[in-house]
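J.: Below is one structure. I have some questions about it.
The values are calculated or read from the model by the stated rules, or taken from the named source; none is laboratory data. Because the structure is predicted, anything quoted here is derived from the model rather than measured. With ideal geometry, Cβ positions are generated from the backbone for all residues, glycine too; neighbour counts draw on all protein chains shown. SASA here: full protein model, heavy atoms, side chains in, ligands and nucleic acids out. Shrake-Rupley method; radii C 1.70, N 1.55, O 1.52, S 1.80 Å.
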Amino acid sequence: MARPRKFNEGDVLSSAMALFARRGFTATSLDDLVDATGLLRGSIYKAFGSKLNIFLTGFTECVEQFDTTNPQHLDLLTVALRDLAHEDESTRKLCLQVLSAHTTSLALNLGNNLLQRLE
């Protein structure tokens, strides 16, 4: 019999997505996710299957409530576009969903968000 989960998936996703937003997908290792979430490697793999699935689960939630003025949302979109969209079809579709829904203000807000990271 499998043991019940002793963690809140929403809290784990929140911690993981904050890390991805700050460091990027490629620069975030599984050890970084272990440190950020407090879960063991086995628990992460059992709950999500892979680092990519953690990102996709969290990014899907982000896309569903995307706010062009939210810096973390803009950071996650940047990470998705830069690190994953060119090779992962699911990420590409999510990016296109955001781009088609927010064409007017997105480019300016995305650019401003990137420039603020320089300060």
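J.: Kindly report the accessible area of the chain per residue (heavy atoms of protein chains, probe 1.4 Å, no ligands, DNA or RNA), in Å².
T.: Per-residue value: 59 Å².
J.: Please state the charge dipole magnitude for the chain, taken about the Cα centre, from unit charges on C-beta atoms (+1 on K and R, -1 on D and E), reported in debye and rounded to the nearest 20. Provide the component values of the computation, followed by the final result.
T.: Numbers: 12 positive and 14 negative charges, 70 e Å.
Taking the Cα centre of the chain as origin, the dipole is about 340 debye.
J.: Run the numbers for Ala18 and Gln72: contour at 0.36 nm per residue of separation, minus the present Cα-Cα distance, in nm.
T.: Values: separation 54, 0.36 × 54 = 19.44 nm, distance 0.73 nm.
My answer for the length gained is 18.7 nm.
J.: How much length would be gained if the chain were fully extended between Leu108 and Leu96, taking 0.36 nm per residue of separation minus their Cα-Cα distance, in nm to one decimal?
T.: 2.7 nm
J.: So, one more: Could you please state how large a percent of the accessible area of segment 1-97 is carbon and sulfur, counting protein chains only and using a 1.4 Å probe?
T.: Carbon plus sulfur share of accessible area: 49 percent.
J.: Can you tell me the convex hull volume per residue for segment 66-119, based on C-alpha atoms, in Å³ to the nearest whole number?
T.: Hull volume normalised by residue count: 69 Å³.
J.: If you line up the long axis of helix 103-116 against the longest principal axis of the chain, both from Cα atoms, how many degrees apart are they, to the nearest 10?
T.: 70
J.: Something else: Heads up, I need the accessible area for His102: 1.4 angstrom probe, whole protein in place, Å², nearest 10.
T.: 50
J.: At 1.4 Å probe size, with no ligands or nucleic acids counted, give the accessible surface of Arg82 in Å², nearest ten.
T.: Near enough 130 Å² of accessible area.
J.: I want the local charge near Val79. Using Cβ-Cβ distances under 11 Å, sum +1 for each Lys or Arg and -1 for each Asp or Glu among the other residues.
T.: Here the count lands on +1.
J.: Tell me which of Phe7, Thr26, Leu114 sits at the most positive position along the dipole axis of the chain, charges placed on C-beta atoms (Lys, Arg +1; Asp, Glu -1).
T.: Result: Phe7.
J.: Place +1 on the Cβ of every Lys and Arg and -1 on the Cβ of every Asp and Glu in the chain, take the dipole about the Cα centre, and give the residue among Ala36, Phe59, Cys95 whose Cα lies farthest towards its positive end.
T.: The Cα lying farthest towards the positive end belongs to Ala36.
J.: Let me ask something else about it. Report the accessible area of Ser90, computed with a 1.4 Å probe over the heavy atoms of all protein chains in place, in Å² rounded to the nearest 10.
T.: 60
J.: Under 20 Å from the Cα of Lys93, which lysines turn up, not counting those fewer than eight places away in the same chain?
T.: Candidates past the 8-residue exclusion: Lys51.
J.: For segment 86-119 and segment 37-78, compute the distance between their C-alpha centroids and round to whole Å.
T.: Each part's Cα centre sits 15 Å from the other's.
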